[in-house]
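Each remark here refers to the structure printed beneath this line.
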Amino acid sequence: MKPPWNCSSLRDLAREYAAKSHGAAGKVGNLSLGVMVARIHEILSTGKLSKLEHFENDEKVKTVSLFGEVWGIGPVTALKLYENGHHTLDDLKQDDSLSTAQKIGLKYFDDIKKRIPRHEVKDMEMLLQKAGQELLPGMIIVCGGSYRRGKASCGDLDIVITHPDGERELRRRIDLKVYPRDRYAFGLIAWTGNDVLNRSAAGMQQHHISHLDPMLSGPSEANAFLE
DNA sequence: GCGCGGTTGAG
DNA sequence: CTCAAC
DNA sequence: GCGC
């Protein structure tokens, strides 16, 4: 397959770039124009660069990249995990040194990777807007990101919130405690208080249900200022 | 010679 | 402080 | 390449 432009025009572009970047004569970085043109040509005609094939097929590179796809695991941790002898996502599941976020990211790896259909994002946006209006009339809630750019599906929801009176609002502190139904009783006791009762309820929970799944059964708390 | 985005939050 | 998400 |  031939690219729609010829090598001489590429060469001109490369020269121009090289001139701007104050590189050595006839070079871009440490690549000669010839090599650069050849590589661009290969990418345009085959869609990839054979020089990089080695990397894509390397077991370590593949595994570390895979680990890096887990929400909560970045480049540093991905590499560490690999060097600690982990080679699959199932290996990672055995590792209890993972952070809370990483455990969640791993557990819901497949879920999180799934794209969200546009209509579903629209539904969720409307739901939030409705809840927002009821909470504080005049609230403006908009879903941004790829949804706002008109994409047919989205990786997540990016929500932006404002209010006309936002600047003058008196700030109140709010604590949200969300419990699964089967632990609601503990939560109610704990967060009615006083602090002594809070501690005993926490103890009861720990003693009776600490074996339950922390994501599905654990209380989640949000401690926030309304801003 | 090094970092190259800045901010926020978890741990 | 490091690491990660956004 | 630029600022530290």
What about A:Lys62, is it open to solvent by 100 Å² or more (accessible area, probe 1.4 Å) and not in a loop (DSSP other than H, G, I, E, B)?
-> yes
Scanning segment A:111-130 for residues that are out of contact with any Leu (no Cβ under 9 Å at 6 or more places or on another chain), over 19 Å from A:Ala152 (Cα atoms) and surrounded by 12 or more Cβ atoms within 10 Å (Cβ to Cβ) gives A:Gln129
Looking across segment A:92-110 at residues that are more than 14 Å from DNA strand C (Cβ to nearest atom) and farther than 12 Å from A:Val70 by Cβ, the single one that is surrounded by the most Cβ atoms within 10 Å (Cβ to Cβ) is A:Gln94
Of all helices (runs of 4 or more DSSP H) fully inside segment A:117-227, the set with 3 or more residues that are more than 16 Å from DNA strand C (Cβ to nearest atom) and modelled with pLDDT under 85 is A:184-192, A:195-209, A:214-217
So, first residue in the same structural domain as A:Tyr147 (by TED's automatic domain parsing) and more than 15 Å from A:Gly150 (Cα to Cα) in segment A:120-131, second residue surrounded by 11 or more Cβ atoms within 10 Å (Cβ to Cβ) and among the β-branched types (Val, Ile, Thr), Cβ within less than 7 Å, six or more apart or across chains; the pairs are A:Leu128/A:Ile141; A:Leu128/A:Ile159; A:Gln129/A:Ile141
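The values are calculated or read from the model by the stated rules, or taken from the named source; none is laboratory data. Computed from a predicted structure; not experimentally measured. Note: ideal-geometry Cβ built from the backbone for every residue, glycine included; neighbour counts use all protein chains shown. Remember, those area values only see protein heavy atoms, side chains included, never the ligands or the DNA or RNA. Shrake-Rupley method; radii C 1.70, N 1.55, O 1.52, S 1.80 Å.
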